[in-house]
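Structure first, commentary second.
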Amino acid sequence: MDPNSRIEVAPDDELQLSPLQVRAILSDRATKLAQTYAQAAESGVAQVGLIAFSRGVHRYGIELDYLTEIRPLESWTPVPGIPDHFPGVIALRGEIVAVIDIAVVFGGAADTGDGERFAVIVTAGDVTADLLADAVDDVHDLLPEQIHPPLSTFTHSRERYIRGLTEEGIALLDVEKLLGDEWLRVSQEPTEERR
């Protein structure tokens, strides 16, 4: 006896389906869904988990492996004499963490609006930074084939720091390259000497 036969299935009046037809459709869907999960488990293909956030009109994503935390960001402390893509710093549990405006890194203008902001705290190696976000989306689980190479029309900075694009248009950031790039680090040396 089918264990689900005791569950009452109502007819679908809109599509004019009997309870027996509805049960057959639901059973077919459940079988296909189970096969999809089984195939993914058998193939050993690991999904890429990422959190998406928006900055300006663009959406970005970072892999969950690099995410430390997300918190509301009310303000930061400006630091004179540092590049524009660093609006300032924040204190995070006794540590000073740089705020990076990814929109400015990619050649956009700094948005000085008074809207709600979020700190997307990321860590790669021994470097921690706060990526400035206007909004934070949900977590996305993607298969590797759902991440496409960056567009050939990208600017140099976009090509350098974007690992790929999802089908939803989320630009997946390469956090290791972003936080590991000496050009984006602040030091006491003049910029010309670091080139």
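Remarks
- Sparse-neighbour loop sites [GluC sites (Glu not before Pro); segment 62-138; at most 16 other C-beta within 10 Å; DSSP]: Glu74, Glu116
- Label point distance in nm, Ala109-Arg29, each placed 7 Å from Cα along Cα→Cβ: 4.8
- Per-residue extension of 0.36 nm, minus the Cα-Cα distance of Thr123 and Ile82, leaves a gain of 12.7 nm for this segment.
- Couplings 3J(HN,Hα) for segment 93-107, derived from phi with the Karplus relation 6.51 cos²θ - 1.76 cosθ + 1.60 (θ = phi - 60°), are 6, x, 9, 8, 10, 6, 9, 10, 8, 4, 4, 6, 4, 8, x Hz, where x marks Gly and Pro.
None of the figures in this text is laboratory data; all of them are computed from the coordinates on show. What you see is a predicted model; the values in this text were computed from it and never measured. Virtual Cβ from ideal backbone geometry, glycine too; neighbours counted across all protein chains shown.
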